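As structure tokens, the structure follows; a few thoughts come after it.
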Amino acid sequence: MDDTQWRLVKLETRDAFMNMALDEAVSESVASGESMPTIRFYKWKPSAVSIGYFQSLKEEVDDNFAKEIGADIVRRRTGGGAVYHDNKGEITYSIIGQEKLFPKDLIESYKLICGWIINSLTLLDIEANFAPINDILVGGKKISGNAQTRRNGILLQHGTILYDLDVETMFRLLKVPKEKISDKMISDVKQRVTRVLDFKQVEEAELAQALVNGFTDGKNVYEEGWTAKELNRARELAQTKYATKEWNYMR
Amino acid sequence: MPNGKVVKARVNFSDKIESVSITGDFFLYPEEKFGEIEKVFLGMSAAVDEKKLAEKVQKVITENGIQVFGAKAEDFTKAVIQAIEKGLIEATEGN
């Protein structure tokens, strides 16, 4: 990986469908050699829920409430669980590159990429550790969840880093009946989940910069945006796949 | 459980399974081969040997080079059997 050139696309904000469509469009352009392996950071506007490839949308998400508050719902290409992407509460990353750049063993590859997140948190004086398969914990509580897929020789891993957390909205979106939300439940979640702001009062921009530094340290990196082809392909995928009922309500 | 993964199933069942949908927050590769696991349950009747069925699922997993993280053949099998039992209970209560 030493002489690999990485493209870095810095923090941008798009809707759920374009965010997922870009992951697929860029996977295609990296596979064809038109683009370099890519590191991207992004936020979601409107706030959104992404569900794992094998999850049932209606079982995991209160889609009526999502509609009420204008939150998007999108199915990912990757497995794993339902994630609330709070526009004000997290930063998401994607790594897209040829499989050969990463360890063949799945857990080792998660460990490698999660290591970059751990480096980033270290830059903020936050001590984190990798919990197989795909979590990063601080003091035993989850600060980052990650998901990976490998298709057509391309590895895509994406995940979130929790900056802040709106537990109430998350509970309502992720199908926890109102009657069941007790103080105990909220404190239970708070026992299992943590966020950057619990450790350090930083601006979100500082977290974004720490992530750039942690991910690019030791790498040959150049900063660039998307090609016109990637954007057009992403728009097409967003419209014909990721924003459609067929895709999202597939299960 | 913090790292516990969940597997659920829905079945369309008359006297045998006509369709099945297994869902959960597990990881499975390659994703396209997931249908091979669901296919195992089609045409099944309610009277099943859970252990034998799980072995059948495991065989499909192995033969197709499928890797699963967060779920095992036993979990898929249990989820489908629970869905059948739930359906039978609901059908009875509906009468």
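Here, each number is a calculation from the coordinates, and none is a lab measurement. Remember, it's a predicted structure, so these values are computed and weren't measured experimentally. Ideal geometry is used to build each Cβ from the backbone, glycine not excepted, and the neighbour counts take in all protein chains shown.
Mind listing whichever residues of region A:27-37 are in a helix (DSSP H, G or I) and either touching a helix residue (DSSP H, G or I) at 6+ places or on another chain (Cβ under 6 Å) or under 18 Å from residue A:243 (Cα atoms) (or both)? Please lay out each step first, then the result.
Taking region A:27-37 as the starting set, the residues that turn out to be in a helix (DSSP H, G or I) are A:27-31.
Scanning region A:27-37 gives a single hit, A:29.
Could you tell me how many of the residues in region A:70-83 are in contact (Cβ under 8 Å) with a residue 60 or more places away in the chain and more than 14 Å from chain B (Cβ to nearest Cβ)?
Result for region A:70-83: 3.
Does residue A:102 fit the bill of being more than 13 Å from chain B (Cβ to nearest Cβ), more than 28 Å from residue B:70 (Cα to Cα), aromatic (Phe, Trp, Tyr) and surrounded by fewer than 23 Cβ atoms within 10 Å (Cβ to Cβ)?
It is false that residue A:102 is more than 13 Å from chain B (Cβ to nearest Cβ), more than 28 Å from residue B:70 (Cα to Cα), aromatic (Phe, Trp, Tyr) and surrounded by fewer than 23 Cβ atoms within 10 Å (Cβ to Cβ).
Taking the condition over 21 Å from residue A:163 (Cα atoms), within 14 Å of chain B (Cβ to nearest Cβ), in contact with a strand residue (DSSP E or B) (Cβ under 7 Å, 6 or more places away or on another chain) and not hydroxyl-bearing (Ser, Thr, Tyr), does residue A:61 pass? Steps first, answer last, please.
Working: over 21 Å from residue A:163 (Cα atoms): yes; within 14 Å of chain B (Cβ to nearest Cβ): yes; in contact with a strand residue (DSSP E or B) (Cβ under 7 Å, 6 or more places away or on another chain): yes; not hydroxyl-bearing (Ser, Thr, Tyr): yes.
Yes; evaluated as a whole, the condition is true for this residue.
Determine whether region B:68-78 contains at least one residue that is closer than 18 Å to residue A:78 by Cα, touching a residue at least 60 places away in the same chain (Cβ under 8 Å) and in a loop (DSSP other than H, G, I, E, B).
yes
Are any residues in region A:192-225 within 14 Å of another protein chain (Cβ to nearest Cβ) and not in a loop (DSSP other than H, G, I, E, B), and if so, which ones?
Correct list: A:192, A:193.
Go through the residues of region A:106-124 one by one and say whether even a single one is within 13 Å of chain B (Cβ to nearest Cβ) and under 12 Å from the mean Cα position of the chain (by Cα).
Among the residues of region A:106-124, not one is within 13 Å of chain B (Cβ to nearest Cβ) and under 12 Å from the mean Cα position of the chain (by Cα), which makes the answer no.
Restricting attention to region A:84-99, and to residues there that are more than 14 Å from chain B (Cβ to nearest Cβ) and of a type in the set (D, E, K, R), which single residue is nearest to residue A:212 (Cα to Cα)?
A:90
Starting from residues that are within 19 Å of the chain's Cα centre (by Cα) and not in a helix (DSSP H, G or I), keep the ones in region A:226-243 and report whichever is surrounded by the most Cβ atoms within 10 Å (Cβ to Cβ).
The extreme case among them is A:226.
Which numbered condition trips up residue A:126, out of (1) of a type in the set (A, V, I, L, M, F, W, C); (2) in contact (Cβ under 8 Å) with a residue 40 or more places away in the chain; (3) in a strand (DSSP E or B); (4) more than 26 Å from residue A:246 (Cβ to Cβ)?
If we test residue A:126 against (1) of a type in the set (A, V, I, L, M, F, W, C); (2) in contact (Cβ under 8 Å) with a residue 40 or more places away in the chain; (3) in a strand (DSSP E or B); (4) more than 26 Å from residue A:246 (Cβ to Cβ), just (3) comes out false.
Can you tell me which residues in region A:238-251 are within 15 Å of residue A:72 (Cβ to Cβ), more than 14 Å from chain B (Cβ to nearest Cβ) and not charged (D, E, K, R)? Before you say what the answer is, go through the steps one by one.
In the first step, residues of region A:238-251 are kept if they are within 15 Å of residue A:72 (Cβ to Cβ); the result is A:238-239, A:241-245, A:247-249.
From what is left, the residues that are more than 14 Å from chain B (Cβ to nearest Cβ) are A:238-239, A:241-245.
Correct list: A:238, A:239, A:242, A:243, A:244.
Please pick out the residue among A:104, A:67, A:141 that is among the basic types (Lys, Arg), in contact (Cβ under 8 Å) with a residue 24 or more places away in the chain and over 16 Å from residue A:24 (Cβ atoms). Full working, then the answer.
Numbers: A:104 fails: in contact (Cβ under 8 Å) with a residue 24 or more places away in the chain; A:67 fails: in contact (Cβ under 8 Å) with a residue 24 or more places away in the chain.
Only one candidate passes the filter, namely A:141.
State the number of residues belonging to region B:16-66 that are within 14 Å of another protein chain (Cβ to nearest Cβ) and exposed (fewer than 13 other Cβ atoms within 10 Å of the Cβ).
Of the residues in that region, 4 qualify.
Report the residue count in region A:74-117 for those that are closer than 20 Å to residue A:247 by Cβ and polar (S, T, N, Q).
The qualifying residues number 3.
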